[in-house]
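Below is one structure, written out as structure tokens, with a few remarks after it.
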Amino acid sequence: MILLKKIFDKAGIKRSYPFFVQDKTVMVPIQNGLGYANLRNSEPWMIELFLKLGGQDKSLLDVGVNVGQTLIAWKALFPNSDYIGFEPNRLCVNYVEDLIKKNNFTNCALEPYGISNKKEDAQLFLLPKDKGDSSASMIKEFRPEDERISLDIQTIPLQETKYKNFDIAKIDVEGAELEVIQSIFEVNQSATFICEILPVYSQENKFRLERQKEIKNILNSNNYAIFRVIKKGGVKIEEVQEFGIHSELEMCDYIFVPEDTKQALISKFS
């Protein structure tokens, strides 16, 4: 079936296919090589997380929209809630705009920028043959061993936007978490963070290790607690004091909350 969809796509035939999330049907467009990732639920744990943390009265800031995987999950669960997305790859933005239109998603804002601690012309480094590369990073040194091409983009601090009030910030930016977290704390000191922080692997990876330490220091200075998401046997959480040095991709997703709300978070998972 995926092969047939790719044939239609290469022939320039635009099509949409149904995908089921919970008890909702989402129409997934396939165009310009984008959209295939939305035809499978690669992160079922995220649904469980949203069910515990989200709600119709909650708003979500999605930093690193890619092709809308998080958007689909959030809107399937909470169709009337506010969604704010930032994505610097213009091809992905165009795709997600079509995704929103085809599904009549309401209360959505989509901005063609990367979130950072300053406004500037920047670059996004992505794999040469993947227009919607989900591993694309604004940090050139994050994967120095990979052969990547650069895409001109723009970054903006949240302080220079109208988006300052949100309940949950979901961050998936492949190494640029430090600048995003700095930008968020400039405007919002009470949000719950869902954040991927990829492994350091070894003590020798000083670049990643130093950035992890800076993130921990920022969280500590803002009086935030750190919880690792455990995905085996249903979603659970465990409080940690350090991100640690490891190579486990299953240990890379975290929740950050203000210290005075951590007991409320723990009770949601008990």
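Bear in mind that the values in this text are calculations on the coordinates, not laboratory data. Please read all numbers here as calculations on a predicted model, not as lab measurements. Methodologically, a virtual Cβ is constructed for each residue, glycine included, from the backbone with ideal geometry; neighbour enumeration extends over all protein chains shown.
Going by C-beta contacts inside 10 Å, put ASP57, ASP82 in order with the fewest on the left.
In increasing order of surrounding Cβ atoms, one gets ASP57, ASP82.
Once you list every other residue whose beta carbon is under 14 Å from the beta carbon of LYS236, what net charge do they have if Lys and Arg are +1 and Asp and Glu are -1?
Net local charge, LYS236 excluded: 0.
Which order do VAL257, VAL96, VAL240 fall in if you start with the one that has the fewest other Cβ atoms within 10 Å?
Values: VAL257 22, VAL96 29, VAL240 14.
Ordered from fewest to most neighbouring Cβ atoms within 10 Å, VAL257, VAL96, VAL240 come out as VAL240, VAL257, VAL96.
Please express the Cα-Cα pair-distance distribution P(r) of segment 142-184 as a list of whole percents, one per 10 Å bin, running from 0 to the bin with the greatest distance.
Per 10 Å bin, starting at 0, the Cα pair percentages come out as 20, 49, 23, 8.
Compute the length gained on full extension between LYS118 and ASP152: take 0.36 nm times their separation in residues and subtract their Cα-Cα distance, giving the result in nm to one decimal. Each step should come with its number before you reach the end.
Numbers: separation 34, 0.36 × 34 = 12.24 nm, distance 1.58 nm.
The span from LYS118 to ASP152 would gain 10.7 nm if fully extended.
Jot down the per residue volume, in cubic angstrom and as a whole number, of the convex hull over the alpha-carbon atoms of segment 210-265.
On the way: hull volume 4.0 nm³, N = 56.
Value for segment 210-265: 72 Å³ per residue.
What percent of all Cα-Cα pairs in segment 136-230 falls into each 10 Å bin, going from 0 up to the bin containing the maximum distance?
13, 45, 32, 9, 0
Can you pull the Kirkwood radius for the chain, inverse mean 1/r over Cα pairs, to one decimal in Å? Kindly include the intermediate steps, with their values, before the conclusion.
On the way: mean 1/r = 0.0520 Å⁻¹.
Evaluated on the chain, it is 19.2 Å.
Please figure out what share of the DSSP beta bridges in the chain is antiparallel and state it in percent, rounded to the nearest 5. Don't skip to the end; give the middle numbers.
Values: 30 of 49 bridges.
That works out to approximately 60 percent antiparallel.
Roughly how many debye, to the nearest 20, is the charge dipole of the chain about its Cα centre, given +1 on each Lys and Arg Cβ, -1 on each Asp and Glu Cβ, and no other charges?
Working: 34 positive and 39 negative charges, 195 e Å.
Dipole of the chain, to the nearest 20 debye: 940 debye.
Using the Kirkwood radius built from alpha carbon pairs, what does the Stokes-Einstein equation give as D for segment 44-178 at 4 °C and 1.567 mPa s, in µm² per second?
After rounding, the answer is 84 µm²/s.
May I ask which residue of LEU249, VAL187, ILE149 lies farthest towards the positive end of the charge dipole of segment 117-270, with charges of +1 (Lys, Arg) and -1 (Asp, Glu) on Cβ and the Cα centre as origin?
Ranked along the dipole, the leading option is VAL187.
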